[in-house]
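One structure below.
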Amino acid sequence: MFYRLLSIARRRRTSPGWQNWSLARSNTSTAEAHSITLPAQAQVVICGGGIMGTSVAYHLSKMGWTDIVLLEQGRLAAGSTRFCAGILSTARQLTIEQKMADYSNRLYHQLEQETGIQTGYIRTGSIFLAQTQDRLISLKRINSSLNVTGIPSEIISPKKVAELYPLLNVHDLVGAMHVPEDAVVSSADVALALASAASQNVLLPIQILELIKKPLEINFFSRGLTCSFWAYELGLSNEKPVSIPLHACEHFYLLTRPLETPLQSNTPTIVDADGRIYIRNWQGGILSGGFEKNPKPIFTEGKNQLEIQNLQEDWDHFEPLLSSLLRRMPELETLEIMKLVNCPETFTPDMRCIMGESPVVQGYFVLAGMNSAGLSFGGGAGKYLAEWMVHGYPSENVWDLDLKRFGALQSSRTFLRHRVMEVMPLIYDLKVPRWDFQTGRQLRTSPLYDRLDAQGARWMEKHGFERPKYFVPPDKDLLALEQSKTFYKPDWFDIVEAEVKCCKEAVCVIDMSSFTKFEITSTGDQALEILQYLFSNDLDVPVGHIVHTGMLNEGGGYENDCSIARLSKRSFFMISPTDQQVHCWAWLKKHMPKDNNLLLEDVTWKYTGNRVLLGQPNEKKPTDPKVSSTFSFFWILKSECQSWSSVVEHLPSMCEALGSILSTS
Ligand SMILES: Cc1cc2nc3c(=O)[nH]c(=O)nc-3n(C[C@H](O)[C@H](O)[C@H](O)COP(=O)(O)OP(=O)(O)OC[C@H]3O[C@@H](n4cnc5c(N)ncnc54)[C@H](O)[C@@H]3O)c2cc1C
C-alpha cells in the first residue's frame, strides 16, 4: 500500500505530460482497483485525498502520528484539486487566512526539495488592480494587514503596473497592490508530494479505495473529513448526522495557446476584481477565470459520482468574463482559445472555510468549503487541523473558521443554494464595513420583529438571527440608505449617533432575544461543581446573584464570555453571545459528566430578552422604589406573572450605564 502511492507519485513525476494531464483528462473513471484489507484499528482515518486530506496527513505524520489511513474513492488529487488554477495568493480578508496562505507558500516552496516531486512552484508575485478609489482603499487596507502579518506587499501606480506587465491595459486604473512573493504551483503535484512526504516519513498505509461507503471494521479514534462538496452528504450519512454547511457552484476558466512571444513563467498573476477576473501565465499562454455575478449552483440534490469530470462548457455564461479579459488584455483578441474548464468548487454561507471538530460527534474533524482558495489555504489549514487533533487546539485562534460558528438552520439545502449564489460574486465584490448578506434571511426572529420593523428597523443577521442595526427616522429615504456602501462616512452614521446619544441621556430598550440562554440544573450539587470547574469566577453565590465570568480551557484561554445567574441552590441560568450557541453547548457537553441527575437545557427559544438601559444613572435614577430596587447591579428575580409563565430580570455590567435584561418566556 505504501509502495503503491510512491509508485504513482514516481510515475507522474517522470511523465512530462503530468503537468497537463490534470487539465486534459479523459472521461473514463480511473479509480484504482483495490484488494487492500483495511487495518482493524487506526489513530486517524482521513477521508478524501485532495490537497486538504494530503496536507492533514503530511502534518500529522510530521507531528509523530504513524497510524494514519487516508481513504480516497478515486485517484489521489483527482477532485477539485486537479482542476485548480494553481494560484497561491496571500492577500486575504482575515488575518488567519493570510497566515494560512503564507504558511502554504513557504511549505510548497520547499516541498520539491523535500520530496523530489516537481510541484511547478514558481514565485511570480500578484498584482491586484483598482479601477475605483473605493477598491484602492480596500487594497490599502489589505496591504496594511499583509505587512503586519509579515507578508511583503506595496501599493503601486498604474505606471508601475504597466512596467511589471506591459500587455495590460492600465488606462482605467487608479492604482494597484503588488504582492511579490505570491506563487503559482501545480496543485495536484503539491497534493501528491504531500502524500508522498507523509508516506516517506512514517509507515503510513495510504489506501486508495474505489468506494468508502462499504462498512469498515475500524476502530476510529479520530476522523478527518476533507472531501470538498462530498462532505455535506457524507456528514449527514453519519450515524449521528454532522451538518457541514457548504454547497458547490460551477467555476470556469479558459486556457489559451501560447502567445506569439510566450509569456515568461514568472509573469505576475493579475487579479482584476472590478472586472471580476484573474489571469495567470499558463505554458506561455493565459489561464483566466473569475467570479461572475450570476453563478451556477450545482449538486443541490447531492453528489454521488466517483470522480469529477470537466463539466459542460458554457460560453454564453462565461462571456462577461471573457469581455472583461479582452478589455484588460486587448492583444488576446486574435489568440486561439484551447478550452473552457468548468469544475465544481464549494462555497460556505459566510465566505470562510470550515474547520474543526463536530459539535455532535467527538473526534469527527472537518476541513472543507474552501471558497475557491483551497490551494492557498491547504498547507496552513492542514497544519492547524493536525494540531487540533494532536494537541486539542490549533496554534492560532481559528474561531472565524470553526465549524461550530454555524447552527442547524444554516445547513438546509435551500438556504445553502441561495446563499452561495450570493457568496460567489462577493468574493470579488467590495467589502465595505457593515455589509450584510441579503439571502437566507429571517431564519430566526424575535417576537418583537414585526413591531420593530414597523418602527423602521434596518436588520443585520447574527447566527441566523435578525437583529436591528438602527432605526430609520420617518423623514429619511430608505432606498438611499440601502446604497450607502462606502468606506467613507455612511448615510446611517448620523442615525446611529442619535441613537447612542439617546442611550446615554435617556432610556432605551434593546431587543436582545438572540442571545444564547442555557439552564443548568441538578438534583444535588453537580451543577455547581461542574460550573465551578469550567468557569473562572466563583459561582457559589447567594440565590438571585449574577456573575459575569469566562469559560476557560486547559491553557487558561477564553472559550466563552458569559453571565451566570443563580436561580436556586441547584439551578443556574447562563447567557452567552448569540454566535456562541453551538460552541458553548458543545464545550459544556464535552466536559459535563454523564449523570442523569445533571441537566443542560438550551432555552434560547424559550426566552425573549430585552435590555433596558438607563443613561446618566445618577441624575436619572428612577424614583419609584419598586423600580429603583430592580436597577441594582448583579441581581436576578424569577417570578410568575399573568402574561408570562416566568420572568427573569438580571443586570450584568456590560456597559457603564445601569440597565436590566428582562427575559420572558
Ligand atoms: C476551477 C477551479 C479553479 C481553482 N483555482 C484555485 C486557485 O487558483 N487557487 C486556490 O487557492 N484555489 C483554487 N481553487 C480551489 C481549490 O482547487 C479547492 O478548494 C481545493 O482543491 C479543494 O481541495 P479538497 O482537498 O478540499 O477537495 P478535492 O480536491 O475535491 O478532494 C476531495 C477528495 O475527496 C474524495 N472523496 C469524496 N468522497 C469520498 C468518499 N466517500 N470516500 C473517499 N474519498 C472521497 C474525492 O474523490 C476527492 O479526491 C480552484 C477550484 C476550481 C474548481
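Each reported figure results from applying straightforward, stated rules to the coordinates on display, with no laboratory input. Small disclaimer: the values here were computed from a predicted structure and weren't measured. Every residue, glycine as well, gets a Cβ built from its backbone with ideal geometry; the counts of neighbours run over all protein chains shown.
Quick notes on this structure:
- For the peptides 92-103, 395-406, 466-477, the ranking by packing is 92-103, 395-406, 466-477, with the highest mean count of neighbouring Cβ atoms within 10 Å listed first.
- The range 60-102-the range 289-367 distance, computed between alpha-carbon centres (Å): 17
- When you restrict to C-alpha pairs under 8 Å that are six or more residues apart and normalise by the size of the range 49-111, the relative contact order lands at 30 percent.
- Flagged links, alpha-carbon separation over 18 Å, of Lys431/Lys501; Lys404/Lys431; Lys404/Lys589; Lys293/Lys431: Lys431/Lys501; Lys404/Lys431
- Counted charge near Phe291, where neighbours are those whose Cβ lies closer than 14 Å (Asp, Glu -1; Lys, Arg +1): -3
- With the Kirkwood sum run over all distinct C-alpha pairs, the range 250-352 has a hydrodynamic radius of 14.8 Å.
- The range 518-546-the range 370-422 distance, computed between alpha-carbon centres (Å): 33
- Taking the inverse of the mean 1/r over every pair of distinct Cα atoms in the range 368-420 gives a Kirkwood hydrodynamic radius of 12.7 Å.
- Each of Arg441, Arg123, Arg328 was scored by other Cβ atoms within 10 Å of its Cβ. Listed from fewest to most, they are Arg123, Arg441, Arg328.
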